[in-house]
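Here the structure is laid out as structure tokens; the discussion comes afterwards.
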Amino acid sequence: MKRSSLHIIFLLGFLFVLSESTAQENYDFIEQKWIEVKNNIENDQLNEVKASFDEFAKLSIRNKQDTILSAAIIQIGNYYKDQGEYGERIKWYQFALDSLCQKEGVSCFDIRREFADIYAFIEQYEKAINLHKANLDVLITEKNQEAVSLEYSTIATNYFRNGDLENSEKYYLKSLTSAQQNENTFYTLLSYNNLGFFYSQIPNYSEAEKYYLKGIEMIEGPENPSQYYKAQLALLKGNLGGNYIKNKEKVELGIRFLNEDINYNLENNGHDLAINAAVELTKYYYENKQFKQAEETLQNCLDRLEEPKKSKTFTGNLVPVYYWLFKVHLEQQENQKALFYFKEYDSLKTNRDEAREERRFIIEKSLLENILNVQLDYQNQQIQLKNKENEVLQEKNNHFFYRLIIGIVSFITLAILILLYSRKRISLMRINKELAENKFEVEKLEKEKTKLELTYKNKDLTDFAIDISRKQDVLIDVKSKLNEILNNKSDLDDTKKEIKTLINYTNNNMLVDEQLKEFQENIEEVNYKFLDQLQKRYPELTELDKNVCGLIRLGLSNKEIATMRNVSYKAIRMSRYRIRKKLGLEKEVNLVEFLKSIE
């Protein structure tokens, strides 16, 4: 008996050691995969990073290493952010929120914050706020007051951007209360500055001044030596100076505060803060026709940024600097300089806006792809489920024949055989009916899948059309503005010649033929069934009419269609009138909905 017990204990011990050894081997393998991912990141091999991280994630999921995976998603998300790879970044953030964050011991605080920043960039503030509030619930439970204050402040900022001033004020005040309760000087100063900025935008300058002064007094008080909070002091004084220059009695103090803010940030790499303060001071000088002071303020800022501009880490936004230099020189009738700064401003602004729009488009496209992929995965799962049901039913159908053969071989009596055969026949008919219904369901799901894909492509076409139209409008606007400058009475012949050259350049680039050609091919690809039906029903329509019908069906406005066709707005209106007449439509019939109804 004792020997048997010893054998059992030995066996259990062996199994435990074996399981621990296997777990350690799996962990080591996961760690090796992560090292492979980091090596690919260091070598800046984006495709290899994607492939190796996918393998790492699958291995982590299979071995239930959720904590390790969530931490890795944060790091890989930062890498994808630097690479502008928003599709992969959004995919893994969404996976973490759906599959990891509900599990005990898994922290998703940073993932929610990063995802909220993505939503805030594309102005989906409600979604950003919901993610921050989820973080807030966790922080309050953990009694992490410092982080609570910052989260309140971030939520308030998103409410402000969304136009909800009541909730914005409420959460800024909550941020201040939390920071004061925790006796945290940094977050208290941040809250004073945020409240000052909030009230200055309403505008409630007296309330804004109160909070700015509280922050300044707190720094300059005996308990908080100002050398520890120089950056905060410069920011508070700069913002307060922006308020004071609107008050005639405090203009001089406001100018001094703004200059202090500019100089401090120029010396300490606060490029954007320095530019913002310089622009604020320039606006005051410009409104009061002190153009020389405005020029000196901007030129000083620009000159001191020449060296930092050479660094790869320079993040300053020089667009407003060049814009106001252009306006100031224009007011002083220094047209040559004004034109130079306008070109600089226009170039930087165009590049910035295009980069911003491209980033926004990529994010929205990635979010939409993520939603569509979830829907398509669901549809595929439904199809697979139906196929499995069909296989089961088919197997049941086969069993029927086997049983029938066994029944004959077993010499079942004729009466029982007939009864069994009848019952099985009924069962077979039921099964065939279910097969037919399932087949119909599968076809229906396939059609829905195709419709989803077509909807997605239609959106791409519409975005493409709007983008072309936007470029056209921008070029027309530039041409118009340059004509205005050209028509000004001036003796500067060289300037006029240069502007004429720019106008000719604009005319030569009004439309992008390759883009229009590609767009037209995509239109024909998406609408080929529609155009075929339209030709059969209304043969009197011309090719031009059919082409315009296709653009109308995509939901483009008359202006956008006119831009795409390079014709006047009036010509498109007349074209629509002729099309309605050829289609025989009454006035109350919506042309867009009628064209969409043609399949």
remark   = Heavy-atom accessible area of the range 59-205 with neighbours in place, 1.4 angstrom probe: carbon+sulfur share in percent works out to 45 percent
query = In the structure displayed, which of Lys230/Lys283; Lys91/Lys170; Lys237/Lys309; Lys214/Lys292; Lys143/Lys214; Lys174/Lys283 lie more than 32 Å apart, Cα to Cα?
reply = Lys91/Lys170; Lys214/Lys292; Lys174/Lys283
inquiry  = What is the percent carbon and sulfur in the accessible area of the range 531-599, measuring with a 1.4 Å probe over the protein chains and ignoring ligands?
reply    = 50 percent
ask   = Ordered by residue, what ³J(HN,Hα) values in Hz, to whole numbers, does the range 158-175 give under the Karplus form 6.51 cos²θ - 1.76 cosθ + 1.60, where θ = phi - 60° and Gly and Pro are x?
value = 5, 4, 4, 5, 8, x, 8, 5, 4, 5, 4, 4, 4, 6, 5, 5, 5, 4
query = Expressed as a whole number of Å, what is the distance separating the alpha-carbon centroids of the range 150-178 and the range 561-599?
reply = 48 Å
task = For the range 104-165, run through the chymotrypsin sites (Phe, Trp or Tyr not before Pro) and keep only the ones in DSSP coil with at most 10 other Cβ atoms within 10 Å of their Cβ.
result = none
message = Which entries of Lys365/Lys596; Lys250/Lys310; Lys81/Lys349 have Cα-Cα distances beyond 31 Å here?
response = Lys250/Lys310
task = Quick one: grab the alpha carbon gyration tensor of the range 59-156, order the square roots of its eigenvalues as a ≥ b ≥ c, and give me rounded if a/c is under 1.5, else prolate or oblate depending on whether a/b is larger than b/c.
result = oblate
note = Everything considered on the Cα gyration tensor (a ≥ b ≥ c; rounded for a/c under 1.5, else prolate if a/b is larger than b/c, else oblate), the range 125-207 must be described as oblate
Accessible area per residue, Å², the range 133-198 with all protein chains present, probe 1.4 Å = 47 Å²
remark   = Heavy-atom accessible area per residue of the range 542-599, all protein chains kept, 1.4 Å probe, expressed in Å², is 59 Å²
key: For the range 123-140, Karplus couplings with θ = phi - 60° (6.51, -1.76, 1.60), whole Hz, Gly/Pro x   = 6, 9, 5, 4, 5, 4, 4, 4, 5, 5, 5, 4, 4, 4, 4, 5, 5, 5
key: In Hz, Karplus ³J(HN,Hα) per residue of the range 326-334 (6.51, -1.76, 1.60; θ = phi - 60°; x = Gly, Pro)   = 4, 5, 4, 5, 5, 5, 8, 6, 9
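The values are calculated or read from the model by the stated rules, or taken from the named source; none is laboratory data. Computed from a predicted model, the values in this text were never measured in an experiment. A quick note on method: Cβ atoms are made from the backbone with ideal geometry, for glycine too, and the neighbour counts reach across all protein chains shown. Accessible surface is based on the protein model in full, side chains and every heavy atom, while ligands, DNA and RNA are left aside. Shrake-Rupley method; radii C 1.70, N 1.55, O 1.52, S 1.80 Å.
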